[in-house]
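We did not get these values from a lab; they are worked out from the coordinates using the rules stated. Note that the structure is a prediction, hence the values are computed from the model and not measured. Note that we place each Cβ from the backbone using ideal geometry, even for glycine, and neighbour counts take in every protein chain shown.
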Amino acid sequence: MFSLFKKNNVSITSLFSNDFIDIHSHLLPNIDDGAKSFEDSVSLIKTLHSFGVNNFVTTPHIMDGVWNNNPEIIQNKLFQLKDYLKTHNLADIKIRAAAEYMLDSNFEHLLDTEKLLTIKDNYLLIEMSYLNPPINLKDLLFKIQIKGYTPILAHPERYVFYHNNYNEYLKLKEAGCLFQLNLLSLSNYYGPDIKKVAIKLLKDGLINFVGTDTHSERHLKFLESINNKKLLKLISPIIENNSILK
């Protein structure tokens, strides 16, 4: 593995092995703010495939009043995309669907009344507003676990309200929440502050999984630009850890 880092300008994409699975992306067409069409989906998947990514759990948003998706809508769209991929020489792509659940006013109702779409087994991808966390966040995390799910918080480094209150990250971990880092956060895509916190979370051993959170080709261009050797060594074991969700 480490011989990779002796080469010049090695990108983070060199770390993707056959066991890697991208657990956070927006590849289903015209269902949220990700891919806009089946052609767009194929283009994104082909680019990721060229990086060595062959396994995906795509995770469209479920957000009340914004993206009113449900398991039936998502699974139907997945079926259509799989059928479309067969005609584009992507037979070796393995893709299934979960969802990225916003912890909004409707989430608790969904938790009580539906079988939620998980990444694998009981692993549930959740997100929060970028403005502030839910007032009842700790109660929600407890209830998620009582219902039999293991919460994975998407892109914790992007919640800037925790940047000056870093101990809140530790409290979330103590409450049983796993963390999924956006690989893009190691580039300058989201800005230097988010990159700085992403690196600190990694160094402190708080990150469990990674995802590309791919919405567009622009995301993938930034992803390919991540080539800092120290960062690649830091992120490598977390990339490898994704294999448990394959």
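When only DSSP loop residues count, what chymotrypsin sites (Phe, Trp or Tyr not before Pro) in segment 99-196 have their Cβ near at most 16 other Cβ atoms within 10 Å?
Of the chymotrypsin sites (Phe, Trp or Tyr not before Pro), the ones in loops of segment 99-196 whose Cβ has at most 16 other Cβ atoms within 10 Å are Tyr130, Tyr166.
With r as the distance between the Cβ atoms of Ala91 and Lys138 and R0 = 51 Å, compute the FRET efficiency 1/(1 + (r/R0)^6) and round to 0.05.
So the FRET efficiency works out to roughly 0.65.
Please report Thr58, Thr212, Thr87, Thr118 as a ranked list, fewest other C-beta atoms within 10 angstrom at the top and most at the bottom.
The fewest-first ordering by Cβ neighbours comes to Thr87, Thr118, Thr212, Thr58.
How much length, in nm to one decimal, is gained on full extension between Asn165 and Lys82, taken as 0.36 nm per residue of separation minus their Cα-Cα distance?
25.6 nm
Quick one: order Arg158, Arg96 by neighbouring beta-carbon count within 10 Å, fewest to most.
Going from sparsest to densest Cβ surroundings: Arg96, Arg158.
Largest first and in whole Å, give the semi-axes of the chain's equivalent ellipsoid, each being the square root of 5 times a Cα gyration tensor eigenvalue.
In descending order the semi-axes read 26, 24, 15 Å.
Sort Leu131, Leu153 so that the residue with the fewest other Cβ atoms within 10 Å of its own Cβ comes first and the one with the most comes last.
Ordered from fewest to most neighbouring Cβ atoms within 10 Å, Leu131, Leu153 come out as Leu131, Leu153.
To check you understand DSSP bridge types, tell me what percent of the beta bridges within the chain (both residues inside) are antiparallel, rounded to 5.
Antiparallel bridges: around 10 percent, rounded to the nearest 5.
Return a whole-number percent for the relative contact order of the chain, with Cα pairs under 8 Å and 6 or more residues apart as the contact set.
In percent, rounded to a whole number, it is 24.
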